[in-house]
Amino acid sequence: MKSTLYALFLAILFLQADIINAQSIKTTGLKEKIDALIPEAINDTTPGLVIGIVHEGELIFKKAYGKANLAYGLDNDSKMVYNIGSVSKQFLGYAFAMLEVDGSLDLDNPVSKYLDDWPEFDHEVTLRHVLTHTSGYREAYTLSNLAGRIVGVDHLSREECLNVVRKQPELEFTPGSRFTYNSTAWVILAEVFEKVKGESAEDWLVSNVLRPLGMNDTHIETHVGEVIPNAAESYYLNDENSYVNAESNRAIFGAAEVYSSIEDLAKWVNNYKTAEIGGKKVRDLFVDPFTLNNGRDAQYGLGIFSGNYRGLKRIQHGGSHEAFLSFISYYPDQDLGIITITNFGGKGWTSESDIADILLGEFISSEPKKMAKGKKSKKKKLEQFTGLYLVSDKNRKLDFSVEDDSLTINGRTKLVPIDKNRFRNKSGDNTYSFELSDDGSARLTEKTSRVDYIYDRIEPWESGAEGLKDYVGDYWSTELETVYHLTIEEDAMRVEHRWLGEIGLQPLSKDIFRSEWGQYVEFLRDEKGLVTGLSINTGRTLNVRFDKMD
């Protein structure tokens, strides 16, 4: 019922945009305003970026800054093609919506129906779960790094990505229970697509979506090192402040690998409104956000985020690959699309939201949504909530302190008290509720738009070299087929790996460490208190087990 109502809502929404011919966008002085947003690091001799603005079906603004290729002095321009990273996902997602509507497949069928020799877990994983980042599958790119694969050097194939899930001991969570961004899922989807249609997803998309839309410059990379006509290079600055070509160790369509231009992407943005390819039923299925098991909105459809920006309806997706960063958005009420791509990593990034604020200022308040001031709390009372909190998945921490008489997260995000033990993010909708115990322990519930996260306050642990001796040794992962050697150097734990080199570990509490690369490491003990192994958790991957070797 909810999906039907949402589809009706979408139909009315896009119909309204047709009827009123979109809300007027003011473009006076637009060039100068956009120029003012360009990072200082960009000039005529550096890598740069391209920006496109689409309104009422027309590319009303296009401008390029900096170089597309430093070796040959080629300029960026609106017809140059760039790797758009995860923005690529929406093309395959749209294709799956087309196959669902024409009856070629059922998104609510399990993945195992379409792939041979596919693992059956305790819970069924459907195509819809995979398309919406709610599957519980492993993240192959993360595991590749943990195993010692070096980005830009070691090759990673589709089959290796699929084998990550085949070797996965169990699902990371119940399918549909949470949203965890996952690129492996889209490699799986490309494989499913090929089984269903009898041809590669790349070829099918070119013939049935890209070329019919007139996206003639857009290209899907099929192998590492492929020569792509009119393609830009991407760059970063090394420690010596010299430019380096960013490289990739993979060319696996599904999660990424689409190269496109501003002019071609403008045609794709226009399809959000016209549904020229597939029709409105496909378009609505594509943007309809998944509903999680808890009844909340996942804010993600079939390869695209669907939500709001400062009160305005927006669909959007960002991408990152090599040193390319990209973002594409569409505001249906205003029939406005914004496209930004840089080939200079973070140094070349111009925020889509800054551009949107220029164009949509009359439709949104001049200031972000203001929260109620809430109740005042005395500093002494706030201090009872301070400390380091670790989420139950052991892959994220929050550090609460008191700054300027306000409870603050990680020294930056100020919270507003709304109840005795409950606070709200001053610049967002998340709430934080504390449960304090007489023994000094504390539990935190972070309520987000998607799910609730449970944290426990952890006690700092100053071990010294003596306290670290339990952890020294070799640890083997059957899943990764690799060994980590843990040693103590200058009273600090370090991980040694033949390909990764040395990685420092910082203790958060007893048996819980955080690596200098951002992974969380939990040491496991038996009933006698002896260390038997360790488990690694990251933002996208949980419980990667290593057993301590004798």
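The values are calculated or read from the model by the stated rules, or taken from the named source; none is laboratory data. The model shown is predicted, which means the values in this text are computed figures rather than measured ones. Here the Cβ is made from the backbone with ideal geometry for all residues, glycine too, and neighbour counts use every protein chain on show.
Values computed for the structure shown
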quantity	calculated
Of residues in the range 159-181 being outside any helix (DSSP H, G or I) and among the polar types (S, T, N, Q), the one nearest to GLY295 (Cα to Cα)	SER177
Residue that is among the β-branched types (Val, Ile, Thr) and under 20 Å from GLU233 (Cβ atoms), where the choices are ILE315, ILE339	ILE339
Checking LEU115 against (1) free of Cβ contacts under 8 Å to residues at least 60 places away in the same chain; (2) surrounded by fewer than 21 Cβ atoms within 10 Å (Cβ to Cβ), the condition it does not meet	(1)
Residue in the range 165-181 that is out of contact with any Gly (no Cβ under 7 Å at 6 or more places or on another chain) and of a type in the set (A, V, I, L, M) present	yes
Long-range neighbours under 7 Å by Cβ, at least six apart or interchain, first residue farther than 18 Å from GLU322 by Cβ and touching a residue at least 12 places away in the same chain (Cβ under 8 Å) within the range 334-354, second of a type in the set (D, E, K, R) and surrounded by 19 or more Cβ atoms within 10 Å (Cβ to Cβ)	ASP335/LYS273; ILE338/GLU352
Scope the range 502-550; condition without any contact (Cβ under 8 Å) to a residue 40 or more places away in the chain and either among the aromatic types (Phe, Trp, Tyr) or in a strand (DSSP E or B) (or both); matching residues	GLU502, ILE503, GLY504, LEU505, GLN506, PHE513, SER515, TRP517, VAL521, LEU524, ARG525, THR532
Residue in the range 62-105 that is nearest to the chain's Cα centre (by Cα), counting only those that are over 15 Å from LYS197 (Cβ atoms) and among the charged types (D, E, K, R)	LYS89
Condition check for TRP499: under 27 Å from the mean Cα position of the chain (by Cα), part of a loop (DSSP other than H, G, I, E, B) and surrounded by fewer than 17 Cβ atoms within 10 Å (Cβ to Cβ)	yes
Identity of the residue in the range 182-202, more than 16 Å from ARG128 (Cβ to Cβ) and outside any helix (DSSP H, G or I), that ends up modelled with the lowest pLDDT	SER183
Candidate set from the range 354-373 (those that are modelled with pLDDT of 50 or more and part of a loop (DSSP other than H, G, I, E, B)); member that is surrounded by the most Cβ atoms within 10 Å (Cβ to Cβ)	LEU360
Selection within the range 128-178 - among the hydrophobic types (A, V, I, L, M, F, W, C) and either surrounded by fewer than 21 Cβ atoms within 10 Å (Cβ to Cβ) or over 26 Å from LEU99 (Cβ atoms) (or both)	LEU143, LEU146, ALA147, ILE150, VAL151, VAL153, LEU156, LEU162, LEU171, PHE173
Residue satisfying condition, being within 27 Å of THR126 (Cβ to Cβ) and not hydrophobic (A, V, I, L, M, F, W, C), within set GLN316, GLN334	GLN316
From the options ALA232, ALA201, residue that is buried (at least 22 other Cβ atoms within 10 Å of the Cβ), touching a strand residue (DSSP E or B) at 6+ places or on another chain (Cβ under 8 Å) and closer than 29 Å to TRP349 by Cα	ALA232
Flag if VAL209 is in a helix (DSSP H, G or I), hydrophobic (A, V, I, L, M, F, W, C) and either in the same structural domain as HIS485 (by TED's automatic domain parsing) or under 22 Å from the mean Cα position of the chain (by Cα) (or both)	no
Single unsatisfied condition, ASP439 versus (1) modelled with pLDDT under 90; (2) over 26 Å from THR180 (Cβ atoms)	(1)
